[in-house]
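Visitor: I'd like to ask you about the structure that follows.
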Amino acid sequence: MTKIKGTLKKDGKELTALRSSVEEFIGHTVRTSSDFAELSETIQEKIHEYVSVNTLKRIWNYIDDGNVPSISTLSVVSRFLGFNNWDAFLTNLDRTATSQAFVGDGIRCDSLNVGDKVAISWSPNRKLVIMYTGENSFIVKESYNSKLVEGDTFKCMYFIDNQPLFIDELMHEGFDKPMSYICGKQGGVQVERL
């Protein structure tokens, strides 16, 4: 399963996923020299292994000298993320990239009546109270710590506990055309019929 150094692409899905995973793990993007220095220190503090600032810059394509990171370096970064090595990171990447069925409690929108309200909550400390307006459409009635605000409208067919909520045709103040939006991307949402 180990990727041979010569076949690893700097813009391939593996390194792109590694960069995204690190940024999600540390809670911010890595774009400046000071970001790379901080990341190098954080890795060393957490797992007592060293990755140089320049090596991290190569992984992020900040420096493009034609060199591909070694498997041992990628294993260090993978251990920082909680995996045993680069192979374990790739195995998880392959597993998470496949389709998956899920079963969960939730609410089908076709079971709602016009005027019914639903509470949706997700981490960290976000909550919406929405009202069904018919034809799979909703209006936000209350919003707590969310980018969605009172008066926003959207369409949705299902609300499923512990799964991300994908909404469509979101109309938000300041935007001139509808957009799509995800609530609870990490960890899903909790739904309750009010």
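Visitor: Which ranges mark the strands (runs of 3 or more DSSP E) fully within segment 119-160 that have 2 or more residues being closer than 18 Å to Gln190 by Cβ and among the basic types (Lys, Arg)? Don't jump to the end; show me each part of the working.
Guide: Numbers: elements: 126-134, 137-144, 153-155, 158-160.
Because the criterion is at least 2 residues that are closer than 18 Å to Gln190 by Cβ and among the basic types (Lys, Arg), the strands (runs of 3 or more DSSP E) in segment 119-160 that meet it are 126-134.
Visitor: Next up: Looking at (1) assigned to a helix (DSSP H, G or I); (2) of a type outside the set (Asp, Glu); (3) at pLDDT 85 or above, which is the one condition that is false for Val30?
Guide: It fails just one condition, (1).
Visitor: Among the candidates Asn67, Asn61, which residue alone is in a loop (DSSP other than H, G, I, E, B), at pLDDT below 80 and farther than 28 Å from Gly187 by Cα? Spell out how you get there, then give the answer.
Guide: Working: Asn61 fails: at pLDDT below 80.
Unique residue meeting the criteria: Asn67.
Visitor: Name the single residue that is modelled with the lowest pLDDT among those in segment 101-110 being surrounded by 10 or more Cβ atoms within 10 Å (Cβ to Cβ) and not in a loop (DSSP other than H, G, I, E, B).
Guide: Among those that are surrounded by 10 or more Cβ atoms within 10 Å (Cβ to Cβ) and not in a loop (DSSP other than H, G, I, E, B), it is Gly106.
Visitor: Over 23 Å from Gln186 (Cα atoms) and open to solvent by less than 60 Å² (accessible area, probe 1.4 Å): is that true of Ser78 in this structure?
Guide: Details: over 23 Å from Gln186 (Cα atoms): no; open to solvent by less than 60 Å² (accessible area, probe 1.4 Å): yes.
Taking the combined requirement at face value, the residue does not satisfy it.
Visitor: Looking only at segment 52-61, decide whether some residue is open to solvent by less than 40 Å² (accessible area, probe 1.4 Å), more than 18 Å from the chain's Cα centre (by Cα) and in contact (Cβ under 8 Å) with a residue 40 or more places away in the chain.
Guide: Yes, that holds for at least one residue.
Visitor: Test Thr98 against the stated conditions and say whether it is out of contact with any helix residue (DSSP H, G or I) (no Cβ under 7 Å at 6 or more places or on another chain), farther than 20 Å from Asn162 by Cα and either at pLDDT below 90 or open to solvent by 50 Å² or more (accessible area, probe 1.4 Å) (or both). Walk me through it before giving the result.
Guide: Working: out of contact with any helix residue (DSSP H, G or I) (no Cβ under 7 Å at 6 or more places or on another chain): yes; farther than 20 Å from Asn162 by Cα: no; either at pLDDT below 90 or open to solvent by 50 Å² or more (accessible area, probe 1.4 Å) (or both): yes.
For Thr98, the condition - out of contact with any helix residue (DSSP H, G or I) (no Cβ under 7 Å at 6 or more places or on another chain), farther than 20 Å from Asn162 by Cα and either at pLDDT below 90 or open to solvent by 50 Å² or more (accessible area, probe 1.4 Å) (or both) - is not met.
Visitor: Same structure, new question: For segment 121-130, which residues satisfy the criterion of being open to solvent by less than 50 Å² (accessible area, probe 1.4 Å) and free of Cβ contacts under 8 Å to residues at least 60 places away in the same chain? Working first, answer last.
Guide: So in segment 121-130, the residues open to solvent by less than 50 Å² (accessible area, probe 1.4 Å) come out as 121-122, 128-130.
The answer is Leu128, Ile130.
Visitor: Now for a separate question. Which of (1) modelled with pLDDT of 90 or more; (2) part of a helix (DSSP H, G or I); (3) not polar (S, T, N, Q) is the odd one out, the single condition Tyr50 does not satisfy?
Guide: For Tyr50, the exception is condition (2).
Visitor: Related question: For segment 142-164, what are the residues that are at pLDDT 85 or above and of a type in the set (Val, Ile, Thr)?
Guide: Val149, Thr153
Visitor: While we're here: Do you know which residues across segment 165-175 are at pLDDT below 85 and hydrophobic (A, V, I, L, M, F, W, C)? Spell out how you get there, then give the answer.
Guide: Looking only at segment 165-175, we keep the residues that are at pLDDT below 85, and these are 172-175.
Correct list: Phe175 only.
Visitor: Now for a different question. If you take the residues of segment 131-168 that are more than 14 Å from Ile107 (Cβ to Cβ) and among the β-branched types (Val, Ile, Thr), which of them is nearest to the chain's Cα centre (by Cα)?
Guide: Filtering first and then ranking leaves Val149.
Visitor: While we're here: Within segment 143-194, can you find the residues that are open to solvent by 70 Å² or more (accessible area, probe 1.4 Å), in contact (Cβ under 8 Å) with a residue 40 or more places away in the chain and charged (D, E, K, R)?
Guide: Glu192, Arg193
The values are calculated or read from the model by the stated rules, or taken from the named source; none is laboratory data. None of these values were measured; they are calculated from a predicted model. We place every Cβ from the backbone using ideal geometry, glycine too, and count neighbours over all the protein chains shown. Calculation scope for accessible area: heavy atoms of the full protein, side chains included, ligands and nucleic acids excluded. Shrake-Rupley method; radii C 1.70, N 1.55, O 1.52, S 1.80 Å.
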